[in-house]
Every structure is written in C-alpha cells, then in structure tokens.
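The values are calculated or read from the model by the stated rules, or taken from the named source; none is laboratory data. Quantities reported herein were computed from a predicted structural model and do not represent experimental measurements. Virtual Cβ from ideal backbone geometry, glycine too; neighbours counted across all protein chains shown. Please note that ligands, DNA and RNA were not included when accessible areas were found on the heavy atoms of the full protein model with its side chains. Shrake-Rupley method; radii C 1.70, N 1.55, O 1.52, S 1.80 Å.
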Amino acid sequence: MTDAPALDLRHVTVRRGDVEVLRDVSLVLPAARLLAIIGPNGAGKSTLVKALLGLVEPLRGDIRVFGRPPGSEPVRIGYVPQLKTFDRSFPATALELVVSGLRRSWPGRIRRAEHDAACEALSRVGAERLTDRPLARLSGGELQRAFLARALVRRPELVILDEPATGVDFLAEHDLNRLLEAYQREAGATVVMVTPDLAAARHHADDVLVLNRTLIGFGPPERALSASCLERAYGHVGHGHDLAVP
C-alpha cells in the first residue's frame, strides 16, 4: 500500500453528449475508509463509479486512485456491479464466476490454485455451498455473495460496489454490510458503495458523498446527511429520506 489517498478527485466533470452528468466534483478520501455514495436517480452515481474504474474519461479534471490514474492497477481493485444488469442465464457456475475475478476473463480449465483461491473467497462470504451451482439457480442474495467473492478473491485494497443490494431482501443487504465491514477491518481496505439506503449510509459508512451531478455534501454521516444536504439533493426531506440529522 502507498501513503496516497485512496481517492483524490479534482474538479471532475463528465459529459455525455450535451449533458454534464458530473460537474466539478472534488474530494479526497483517505485509505481504509468506508464511503457511501447516495443521490437521486440520474445523479451520476454510476458514472462516478465508471470514472473511478477508468471506464469513463472526464471532460475536465483529474482522478487519482492510490495516487495513480484510474484503471492503471486493476489488481488492487475489486468491483461488484449492479446485479440487475447481469444475465442470469449465462452458463457458468459460482466457482467460475469467482475465478473470472482472478483471470479477468472467463476461465476454461481451472487450475488447482485458482480453484482453492475461489473456494476460499466463497467461504469468506458464507457461500461455500454454492461452488458448483449454476448462476441461473442462485437467488438474488446468493448471486450477490458470489459477486462479492469474485471482488474479494484477489484481496484488493479498494472494493467498489454499485448498488449491490438491488433486488435482494433486507437480511441479504444486512449480511452484505456485515461482510464488507469485516473485510475492511481485516484487510485495512477502502470500500466505496453506491446505495439507495440512507439507513445503511447512516449506520455503516465512515463518510458519505451526497451527489446530484455535483457534490452536495461530503464527510461524516452526521454532517453529510443533514436535512439541508438531503433537501438540496432530493428536493425534499421525507418519503424515505427522513434519516437526516437536524
């Protein structure tokens, strides 16, 4: 690990066509923190995740991940995508999904070391029983665990999750938060999670980023989740956003 911040964003602007999806976003996140990113639909949350992964190039500004350009050290980063975008009919097992996190491609023949590492990762997230089960037969919570094992199999220093609890029940979401906190403590890792759940952000995050195309609030939950920040981001307080700190 380096002494550089996990994330360092300076005046980041991303445009799609004529629309500025992100505008002048600046923040510094120290390593070994858990950051929750919240905001309304269309706020640019997934675009920010893609920019952190090096999949989207900013129009202006600069991004550094552990002091390096995004995408330059992929082995240091584990990524859990939105499960709703995944084709569940893809003909693969949970083990093969996890091994793809080691190879960064779908495996043909799996080597013994890969098999053992994937089994260990599945066990770490409480999914050892899923090893040979086809992805099409996994529940939402089980698929979530398999993707989390895939993200953790290299023991990354940064884990990025884009609304990983979409389509899963409360208990599965609770288990996810518990597993992430345990991994963060054990590995000293940084966790960045997009979530629509303000309660999860309030109770599990060290820092919260409130986003609506531009940065509305950033800092400890008691500051970022203030009523004024939430009203600026969502246009109102209440209707699911009533966890604001006065």
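Normalised by the number of residues in the chain, what is the relative contact order in percent for Cα pairs under 8 Å and 6+ residues apart?
Working: 492 pairs, mean separation 61.0, N = 246.
Across the chain, relative contact order equals 25 percent.
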Under 5 Å from the placed amide H of S226, counting only residues 5+ away or on other chains, we find V245
Most fluctuating of D175, D87, D162 in the GNM of the chain (C-alpha, under 10 Å) is D87
Among beta bridges assigned by DSSP with both residues in the chain, the antiparallel ones amount in percent, to the nearest 5, to 50 percent
Taking N as the residue count of the range 122-246, its alpha carbon Rg divided by 2.2 N^0.38 Å gives 1.16
Of the residues A43, L135, V65, the Cα lying farthest along the dipole of the range 1-136 towards its positive end, which is defined by charges on the beta carbon of Lys, Arg, Asp and Glu, belongs to L135
So the angle from the long Cα axis of helix 170-187 to the longest Cα principal axis of the chain, reported in degrees to the nearest 10, equals 90 degrees
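Pop out the Kirkwood hydrodynamic radius of the chain from its pairwise C-alpha distances, inverse of mean 1/r, in Å to one decimal. Present the calculation step by step, with values, prior to reporting the outcome.
Numbers: mean 1/r = 0.0541 Å⁻¹.
Evaluated on the chain, it is 18.5 Å.
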Reported to the nearest 10 Å², E157 has, with a 1.4 Å probe, an accessible area equal to 40 Å²
Counting sequence-distant residues (5 or more places) and residues on other chains, those with an amide H built under 5 Å from that of G39 are L211
The range 96-110 scanned against label point 7 Å out from F90 along Cα→C-beta; backbone N under 12 Å for 96-101, 104-107
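Extension gain F170-R185, at 0.36 nm per residue separation less the Cα-Cα distance, in nm?
Values: separation 15, 0.36 × 15 = 5.40 nm, distance 2.28 nm.
Additional length available on full extension: 3.1 nm.
Suppose every K and R has +1 on its Cβ and every D and E has -1 on its Cβ; what is the size of the dipole of the chain about the Cα centre, in Debye to the nearest 20? All intermediate terms of the calculation are to be shown ahead of the outcome.
Values: 32 positive and 30 negative charges, 134 e Å.
Roughly 640 debye, rounded to the nearest 20.
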Under the Karplus relation with 6.51, -1.76 and 1.60 and θ = phi - 60°, whole-Hz ³J(HN,Hα) for the range 112-128, x at Gly and Pro, equal 4, 5, 5, 4, 5, 5, 5, 5, 5, 5, 5, 5, 4, 9, x, 10, 4
Quick calc: nm separation of the 7 Å Cα→Cβ label points for R155 and E57 -> 3.6 nm
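List the trypsin sites (Lys or Arg not before Pro) within the range 78-175 that DSSP assigns to loop and that have no more than 13 neighbouring Cβ atoms inside 10 Å.
Values: sites: K84, R88, R103, R104, R109, R111, R112, R124, R129, R137, R145, R150, R154; in loops: R88, R104, R109, R111, R154.
In loop regions of the range 78-175 (DSSP not H, G, I, E or B), the sparsely surrounded trypsin sites (Lys or Arg not before Pro) are R88, R104, R109, R111.
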Expected unfolding gain across S26-W106 under the 0.36 nm per residue rule, minus the alpha-carbon gap, is 25.2 nm
Taking every C-alpha to C-alpha distance in the range 34-99 and binning by 5 Å from 0, the per-bin percentages run 3, 12, 19, 22, 18, 15, 9, 2, 0
